[in-house]
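In what follows, a structure is listed as C-alpha coordinates, so that the remarks can point back to it.
The values are calculated or read from the model by the stated rules, or taken from the named source; none is laboratory data. Nothing here was measured: the structure is a model prediction, and the numbers come from that model. A quick note on method: Cβ atoms are made from the backbone with ideal geometry, for glycine too, and the neighbour counts reach across all protein chains shown.
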Amino acid sequence: MNVLAIGCHPDDLEINAGGTLAKCAKRGDKVTMCVLGNGSAGHKVYTKEEIAAIRLEEAKNSAAIIGAEYINLGVDDMFIRANYDLLVKRVSDVIRKCRPDFIITHGADEYMVDHSITHTIAFDATMAATVSHYPTDHPEYPVFDKFTPIFTAENTHAVNSFPEIFVDITDTIDTKVKMYECHKSQIEWLKVHDNIDTSENIKVFARARGLQCDTGYVEGFNVLKQAHHLPLKRYLPE
Ligand SMILES: [Zn+2]
(Lines give C-alpha, C1' and ligand atoms only; values in the text may rest on other atoms or scores of the structure.)
Protein backbone atom coordinates (compact mmCIF):
# COMPACT_ATOMS: atom_id res chain seq x y z
CA MET A 1 0.00 0.00 0.00
CA ASN A 2 1.01 3.63 -0.41
CA VAL A 3 1.04 5.39 2.95
CA LEU A 4 1.17 9.17 3.23
CA ALA A 5 1.95 10.60 6.65
CA ILE A 6 1.38 14.35 7.00
CA GLY A 7 2.94 16.08 10.00
CA CYS A 8 3.28 19.66 11.14
CA HIS A 9 6.91 19.78 12.34
CA PRO A 10 9.89 17.64 11.36
CA ASP A 11 9.74 15.39 14.46
CA ASP A 12 5.96 15.05 14.94
CA LEU A 13 5.39 11.97 12.81
CA GLU A 14 7.99 10.02 14.75
CA ILE A 15 6.47 11.06 18.09
CA ASN A 16 2.87 10.34 17.08
CA ALA A 17 3.10 7.46 14.64
CA GLY A 18 6.74 6.39 14.23
CA GLY A 19 6.16 2.81 15.36
CA THR A 20 3.21 2.40 12.98
CA LEU A 21 5.11 3.90 10.03
CA ALA A 22 7.98 1.52 10.78
CA LYS A 23 5.51 -1.39 10.75
CA CYS A 24 4.04 -0.20 7.44
CA ALA A 25 7.55 -0.11 5.94
CA LYS A 26 8.25 -3.57 7.36
CA ARG A 27 5.20 -5.09 5.68
CA GLY A 28 6.29 -3.62 2.35
CA ASP A 29 4.27 -0.40 2.11
CA LYS A 30 5.74 2.62 0.35
CA VAL A 31 5.85 5.26 3.08
CA THR A 32 6.06 9.00 2.40
CA MET A 33 6.61 11.38 5.31
CA CYS A 34 5.43 14.87 4.35
CA VAL A 35 6.05 17.73 6.78
CA LEU A 36 4.56 21.21 6.39
CA GLY A 37 6.81 23.31 8.64
CA ASN A 38 10.56 23.67 8.17
CA GLY A 39 11.33 23.56 11.89
CA SER A 40 12.56 27.16 11.97
CA ALA A 41 11.28 27.86 15.50
CA GLY A 42 12.87 24.85 17.13
CA HIS A 43 15.95 26.34 18.77
CA LYS A 44 17.11 29.19 20.94
CA VAL A 45 20.68 29.63 19.72
CA TYR A 46 20.70 28.78 16.01
CA THR A 47 19.16 31.21 13.53
CA LYS A 48 15.91 30.25 11.78
CA GLU A 49 17.82 29.33 8.64
CA GLU A 50 20.45 27.33 10.53
CA ILE A 51 17.95 25.29 12.53
CA ALA A 52 15.76 24.65 9.46
CA ALA A 53 18.81 23.27 7.61
CA ILE A 54 19.80 21.11 10.60
CA ARG A 55 16.28 19.77 10.96
CA LEU A 56 16.01 18.91 7.28
CA GLU A 57 19.02 16.62 7.68
CA GLU A 58 17.71 15.16 10.94
CA ALA A 59 14.33 14.37 9.39
CA LYS A 60 15.91 12.83 6.29
CA ASN A 61 18.11 10.62 8.48
CA SER A 62 15.06 9.51 10.45
CA ALA A 63 13.00 8.69 7.34
CA ALA A 64 15.96 6.78 5.89
CA ILE A 65 15.87 4.36 8.85
CA ILE A 66 12.61 2.90 7.52
CA GLY A 67 13.29 3.65 3.85
CA ALA A 68 10.60 6.34 3.71
CA GLU A 69 10.61 9.24 1.28
CA TYR A 70 10.84 12.59 3.09
CA ILE A 71 9.19 15.73 1.71
CA ASN A 72 9.33 19.11 3.48
CA LEU A 73 6.94 21.81 2.27
CA GLY A 74 9.17 24.59 3.60
CA VAL A 75 6.86 26.95 5.49
CA ASP A 76 8.22 28.66 8.63
CA ASP A 77 7.04 27.28 11.97
CA MET A 78 4.14 29.26 13.48
CA PHE A 79 3.03 30.31 9.98
CA ILE A 80 1.11 27.18 8.98
CA ARG A 81 -2.24 28.95 9.37
CA ALA A 82 -0.98 32.04 7.52
CA ASN A 83 0.00 29.83 4.58
CA TYR A 84 -3.19 27.76 4.56
CA ASP A 85 -4.05 28.00 0.84
CA LEU A 86 -0.46 27.54 -0.28
CA LEU A 87 -0.16 24.42 1.88
CA VAL A 88 -3.43 22.89 0.67
CA LYS A 89 -2.07 23.28 -2.87
CA ARG A 90 1.28 21.75 -1.95
CA VAL A 91 -0.29 18.85 -0.02
CA SER A 92 -2.74 18.29 -2.88
CA ASP A 93 0.25 17.93 -5.21
CA VAL A 94 1.89 15.50 -2.78
CA ILE A 95 -1.32 13.42 -2.74
CA ARG A 96 -1.42 13.42 -6.55
CA LYS A 97 2.22 12.30 -6.59
CA CYS A 98 1.98 9.62 -3.84
CA ARG A 99 -1.55 8.38 -4.60
CA PRO A 100 -2.01 7.12 -1.04
CA ASP A 101 -4.21 4.22 0.00
CA PHE A 102 -4.51 5.97 3.36
CA ILE A 103 -3.25 9.02 5.20
CA ILE A 104 -2.00 9.40 8.77
CA THR A 105 -2.00 12.89 10.27
CA HIS A 106 -2.68 14.92 13.41
CA GLY A 107 -6.10 15.14 15.00
CA ALA A 108 -7.98 18.43 15.22
CA ASP A 109 -7.64 18.52 19.02
CA GLU A 110 -3.97 19.33 19.33
CA TYR A 111 -2.12 21.48 21.88
CA MET A 112 -0.95 23.97 19.28
CA VAL A 113 -2.92 25.50 16.47
CA ASP A 114 -0.36 24.65 13.78
CA HIS A 115 -0.85 20.94 14.54
CA SER A 116 -4.65 21.26 14.42
CA ILE A 117 -4.50 23.27 11.19
CA THR A 118 -2.29 20.57 9.67
CA HIS A 119 -5.19 18.17 10.21
CA THR A 120 -7.55 20.51 8.36
CA ILE A 121 -5.06 21.13 5.54
CA ALA A 122 -4.62 17.37 5.04
CA PHE A 123 -8.38 16.84 4.95
CA ASP A 124 -8.94 19.80 2.63
CA ALA A 125 -6.18 18.61 0.30
CA THR A 126 -7.81 15.19 -0.13
CA MET A 127 -10.69 16.96 -1.86
CA ALA A 128 -8.50 19.45 -3.75
CA ALA A 129 -6.39 16.61 -5.18
CA THR A 130 -9.48 15.18 -6.92
CA VAL A 131 -10.59 18.47 -8.51
CA SER A 132 -9.19 18.92 -11.99
CA HIS A 133 -9.50 22.72 -11.98
CA TYR A 134 -7.74 23.09 -8.64
CA PRO A 135 -4.41 24.95 -9.05
CA THR A 136 -1.23 22.90 -9.17
CA ASP A 137 2.51 23.45 -9.44
CA HIS A 138 2.87 19.96 -10.91
CA PRO A 139 0.61 19.42 -13.91
CA GLU A 140 2.62 16.26 -14.59
CA TYR A 141 0.90 14.53 -11.65
CA PRO A 142 -2.52 13.23 -12.70
CA VAL A 143 -5.58 14.38 -10.76
CA PHE A 144 -6.22 11.89 -7.97
CA ASP A 145 -9.22 9.62 -8.39
CA LYS A 146 -10.36 8.73 -4.87
CA PHE A 147 -10.88 9.84 -1.31
CA THR A 148 -8.71 8.01 1.18
CA PRO A 149 -9.28 6.94 4.77
CA ILE A 150 -7.58 9.37 7.16
CA PHE A 151 -6.27 8.09 10.47
CA THR A 152 -5.50 10.64 13.15
CA ALA A 153 -2.80 10.04 15.72
CA GLU A 154 -3.36 10.78 19.38
CA ASN A 155 -2.69 14.34 20.41
CA THR A 156 0.47 15.34 22.26
CA HIS A 157 0.52 13.63 25.66
CA ALA A 158 -2.85 11.98 24.89
CA VAL A 159 -4.93 14.64 26.65
CA ASN A 160 -8.62 13.70 26.79
CA SER A 161 -7.86 11.22 24.04
CA PHE A 162 -9.34 7.80 23.48
CA PRO A 163 -8.29 6.00 20.33
CA GLU A 164 -10.42 3.38 18.59
CA ILE A 165 -7.78 1.61 16.50
CA PHE A 166 -4.68 0.14 18.10
CA VAL A 167 -1.40 -0.84 16.46
CA ASP A 168 0.94 -3.14 18.37
CA ILE A 169 4.36 -1.54 17.92
CA THR A 170 6.22 -3.79 20.34
CA ASP A 171 8.45 -4.93 17.50
CA THR A 172 9.13 -1.40 16.26
CA ILE A 173 9.33 0.66 19.47
CA ASP A 174 13.14 0.63 19.25
CA THR A 175 12.94 1.86 15.65
CA LYS A 176 10.53 4.62 16.70
CA VAL A 177 12.96 5.78 19.40
CA LYS A 178 15.91 5.53 17.00
CA MET A 179 14.01 7.64 14.45
CA TYR A 180 13.09 10.22 17.06
CA GLU A 181 16.66 10.39 18.33
CA CYS A 182 17.80 11.54 14.86
CA HIS A 183 16.19 14.84 15.91
CA LYS A 184 19.06 15.73 18.22
CA SER A 185 18.36 19.45 18.03
CA GLN A 186 14.85 18.85 19.35
CA ILE A 187 15.97 16.66 22.21
CA GLU A 188 18.04 19.68 23.33
CA TRP A 189 15.33 22.27 22.58
CA LEU A 190 12.44 20.45 24.24
CA LYS A 191 14.46 20.00 27.42
CA VAL A 192 15.02 23.77 27.49
CA HIS A 193 11.63 24.98 26.18
CA ASP A 194 9.23 22.39 27.64
CA ASN A 195 11.35 20.73 30.33
CA ILE A 196 10.59 17.29 28.90
CA ASP A 197 12.55 14.30 27.66
CA THR A 198 10.63 13.22 24.58
CA SER A 199 12.66 10.01 24.11
CA GLU A 200 11.28 8.91 27.45
CA ASN A 201 7.78 10.30 26.85
CA ILE A 202 7.17 8.42 23.63
CA LYS A 203 7.94 5.15 25.39
CA VAL A 204 5.78 6.04 28.40
CA PHE A 205 2.67 6.80 26.34
CA ALA A 206 3.12 3.79 24.05
CA ARG A 207 3.65 1.58 27.08
CA ALA A 208 0.49 2.87 28.77
CA ARG A 209 -1.59 1.96 25.69
CA GLY A 210 0.34 -1.32 25.56
CA LEU A 211 -0.83 -2.16 29.08
CA GLN A 212 -4.42 -1.39 28.09
CA CYS A 213 -4.11 -3.75 25.12
CA ASP A 214 -2.28 -6.44 27.12
CA THR A 215 0.90 -6.20 25.08
CA GLY A 216 4.17 -4.28 25.08
CA TYR A 217 3.87 -0.96 23.21
CA VAL A 218 0.93 0.44 21.26
CA GLU A 219 0.07 3.51 19.17
CA GLY A 220 -3.58 4.53 19.02
CA PHE A 221 -5.52 6.19 16.22
CA ASN A 222 -8.96 7.46 15.36
CA VAL A 223 -10.53 7.34 11.93
CA LEU A 224 -11.88 10.52 10.34
CA LYS A 225 -15.64 10.14 10.14
CA GLN A 226 -16.64 11.94 6.96
CA ALA A 227 -18.49 10.92 3.82
CA HIS A 228 -16.33 8.98 1.31
CA HIS A 229 -13.49 8.55 3.81
CA LEU A 230 -14.72 5.63 5.92
CA PRO A 231 -12.49 2.56 5.62
CA LEU A 232 -13.95 -0.75 4.46
CA LYS A 233 -11.04 -2.79 5.79
CA ARG A 234 -8.17 -2.65 8.23
CA TYR A 235 -5.51 -0.45 6.63
CA LEU A 236 -3.22 0.07 9.60
CA PRO A 237 -0.89 -2.80 10.46
CA GLU A 238 -2.19 -5.36 13.00
ZN1 LIG B 1 4.97 19.77 16.34
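Filter the range 132-170 down to the residues that are of a type outside the set (D, E, K, R) and outside any loop (DSSP other than H, G, I, E, B) and list them by number.
First, pick out the residues of the range 132-170 that are of a type outside the set (D, E, K, R): 132-136, 138-139, 141-144, 147-153, 155-163, 165-167, 169-170.
Passing the criteria: ILE150, PHE151, THR152, ALA153, THR156, HIS157, ALA158, ILE165, PHE166, VAL167.
Listed here are the residues, each with its yes/no results for (1) under 26 Å from VAL167 (Cα atoms); (2) at pLDDT 95 or above.
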{"residue": "ALA22", "(1), (2)": "yes, yes"}
{"residue": "LYS60", "(1), (2)": "yes, yes"}
{"residue": "ALA82", "(1), (2)": "no, yes"}
{"residue": "LEU87", "(1), (2)": "no, yes"}
{"residue": "ASP93", "(1), (2)": "no, yes"}
{"residue": "PRO100", "(1), (2)": "yes, yes"}
{"residue": "GLY107", "(1), (2)": "yes, yes"}
{"residue": "MET112", "(1), (2)": "yes, no"}
{"residue": "HIS133", "(1), (2)": "no, yes"}
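Is it the case that the range 28-45 has a residue that's more than 16 Å from the ligand (Cβ to nearest atom), at pLDDT below 95 and either at positive phi or in contact with a helix residue (DSSP H, G or I) (Cβ under 8 Å, 6 or more places away or on another chain) (or both)?
Residues of the range 28-45 that are more than 16 Å from the ligand (Cβ to nearest atom), as a first pass: 28-32, 44-45.
From what is left, the residues that are at pLDDT below 95 are 44-45.
Filter again for either at positive phi or in contact with a helix residue (DSSP H, G or I) (Cβ under 8 Å, 6 or more places away or on another chain) (or both), leaving 44.
Yes, that holds for at least one residue.
Please state which of the following conditions PRO139 fails to meet, knowing it meets all the rest: (1) within 19 Å of GLY18 (Cβ to Cβ); (2) away from the ligand (no atom under 16 Å from the Cβ).
If we test PRO139 against (1) within 19 Å of GLY18 (Cβ to Cβ); (2) away from the ligand (no atom under 16 Å from the Cβ), just (1) comes out false.
Grab the helices (runs of 4 or more DSSP H) fully contained in the range 171-230, keeping just those with 1 or more residues being touching a Leu at 6+ places or on another chain (Cβ under 9 Å) and at pLDDT 95 or above. Talk me through it step by step, then tell me what you get.
Values: elements: 173-180, 184-193, 198-212.
Because the criterion is at least 1 residues that are touching a Leu at 6+ places or on another chain (Cβ under 9 Å) and at pLDDT 95 or above, the helices (runs of 4 or more DSSP H) in the range 171-230 that meet it are 173-180.
Collect the residues in the range 23-52 that are under 24 Å from ILE121 (Cα atoms) and among the hydrophobic types (A, V, I, L, M, F, W, C), keeping them in residue-number order.
Result: CYS24, VAL31, MET33, CYS34, VAL35, LEU36, ALA41, ALA52.
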